[in-house]
Amino acid sequence: MTFPYKLVATDLDGTLLRGDDTVSERTREALAAATAAGAAHIIVTGRAVPWTRHILDDLGYEGLAVCGQGAQVYHAGEHKLLTSLTLDRQLAGLALSKIEAEVGPLHLAASRDGLEGEVLVGPGYQVQEGPLPYLFVDDATEMWTAPLNKVYIQHPELDDDALAFAARAAVGSLVDVVMAGAGVVEILPLGLSKATGLSLAARRLGVKAADTIAFGDMPNDIPMFGWAQHGVAMANAHDDLKAVAHEITASNEDDGIAVVLEELLRSAPVQPAR
């Protein structure tokens, strides 16, 4: 059997993971069949490594993962960070001041760099319920005392789309701003995206963009869709991602990844015996 892609890139939250943070057996089997047919699977997530590692371990995943919106390439089998890009804290501080000059005070959180990097949560920032660890700090200045890979921002009144739009307009070319999920607007190093991290990981595997199918659900997946040969949005995806997708599949709760991979596997030509 000849699978039409050499690389399957999947986002994590809202795409590979169901709402309960698990991966269905059907999706596991479809990914296993695709890899058995010659494709590599790379998880590409906005989560930094400390928030991703336990999921990879549970999956028995031993390949490369792109974490932190592309900032980190992580070897899951070796538990090793291969590449890591940090956010210039001075530029981030300037960007925040420009955003606050436009929209008023923000609530902040920050993700520290490294395999054990903590997520620090400042006053007023609303964290999502779940098992992911946070460290609450009373003084937001504590966030700036060690290297960071991203800063999270929230506004007491603006919704995610409005905040991301206003932030992009305010920061110009100082940093990048992405909306990665409900309540998750992030400030990143300029030029960083899932596409840049995925291209680094793919290069290590000897795979090209033309060989790649990508799955996602949020606007931070748009660069990845622009890089990959074929972008598949989940039914639950943000409208901005659906607008640039080549295909829309079922939701993450309804095994959307498996639906597409199973069809590709069914239609893959069988190589003649030699």
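The values are calculated or read from the model by the stated rules, or taken from the named source; none is laboratory data. These figures come from a predicted structure and were not determined experimentally. As a convention, Cβ positions derive from the backbone with ideal geometry for all residues, glycine included, and neighbour counts pool all protein chains shown. Please note that ligands, DNA and RNA were not included when accessible areas were found on the heavy atoms of the full protein model with its side chains. Shrake-Rupley method; radii C 1.70, N 1.55, O 1.52, S 1.80 Å.
Reported count of residues in the stretch 178-189, each being in a loop (DSSP other than H, G, I, E, B) and modelled with pLDDT of 95 or more, is 1.
Restricting the stretch 113-150 to residues that are free of Cβ contacts under 8 Å to residues at least 40 places away in the same chain and in a strand (DSSP E or B) leaves a set whose member that is most open to solvent (accessible area, probe 1.4 Å) is Phe136.
Considering (1) in contact (Cβ under 8 Å) with a residue 60 or more places away in the chain; (2) closer than 21 Å to Gln126 by Cα, the lone condition that Leu106 does not fulfil carries the number (1). If you go through the stretch 87-108 and keep only what is part of a loop (DSSP other than H, G, I, E, B) and over 16 Å from Lys150 (Cβ atoms), you end up with Gly104, Pro105.
Residue pairs whose Cβ atoms lie under 6 Å apart, separated by 6 or more positions or on different chains, with the first residue in the stretch 225-236 and under 14 Å from Asp254 (Cβ atoms) and the second β-branched (Val, Ile, Thr) and surrounded by fewer than 19 Cβ atoms within 10 Å (Cβ to Cβ), are Ala233/Ile248. Applying the set (1) touching a Gly at 6+ places or on another chain (Cβ under 7 Å); (2) among the hydroxyl-bearing types (Ser, Thr, Tyr); (3) modelled with pLDDT under 95 to Ser267 leaves exactly one unmet item: (1). Restricting Ala162, Ala95 to those that are modelled with pLDDT of 95 or more and either surrounded by 22 or more Cβ atoms within 10 Å (Cβ to Cβ) or closer than 16 Å to Gly191 by Cα (or both) reduces the list to Ala95.
Evaluating Gly172 against the criteria (1) surrounded by fewer than 22 Cβ atoms within 10 Å (Cβ to Cβ); (2) in contact with a Pro (Cβ under 7 Å, 6 or more places away or on another chain); (3) at pLDDT below 95 leaves one unmet condition, (2). A Cβ distance below 8 Å, combined with a sequence gap of six or more or placement on separate chains, defines the contacts here; from the stretch 240-254, residues that are in contact (Cβ under 8 Å) with a residue 24 or more places away in the chain reach residues that are open to solvent by 30 Å² or more (accessible area, probe 1.4 Å) and not in a helix (DSSP H, G or I) in the pairs Leu241/Met218; Thr249/Ala235; Asn252/Arg18; Asn252/Gly19; Asn252/Asn236; Glu253/Arg18; Glu253/Gly19; Glu253/Asn236.
Cβ separations smaller than 7 Å between residues 6+ apart or across chains give the following pairs from the stretch 76-92 residues that are closer than 14 Å to Asp57 by Cβ to residues that are surrounded by fewer than 16 Cβ atoms within 10 Å (Cβ to Cβ): Ala76/Glu62; Gly77/Glu62. Of the strands (runs of 3 or more DSSP E) lying entirely inside the stretch 1-72, those containing at least 2 residues that are open to solvent by 20 Å² or more (accessible area, probe 1.4 Å) are 40-44.
Count of the stretch 175-204 residues, restricted to those that are out of contact with any Gly (no Cβ under 6 Å at 6 or more places or on another chain), open to solvent by less than 40 Å² (accessible area, probe 1.4 Å) and of a type outside the set (Val, Ile, Thr), is 11. Restricting Ala258, Ala228, Ala209 to those that are at pLDDT 95 or above, under 30 Å from Ile153 (Cβ atoms) and among the small types (Gly, Ala, Ser) reduces the list to Ala228.
For the stretch 98-112, the candidate set comprises residues that are in contact with a Phe, Trp or Tyr (Cβ under 8 Å, 6 or more places away or on another chain) and open to solvent by less than 50 Å² (accessible area, probe 1.4 Å); within that set, the residue that is farthest from Ala166 (Cα to Cα) is Ser111.
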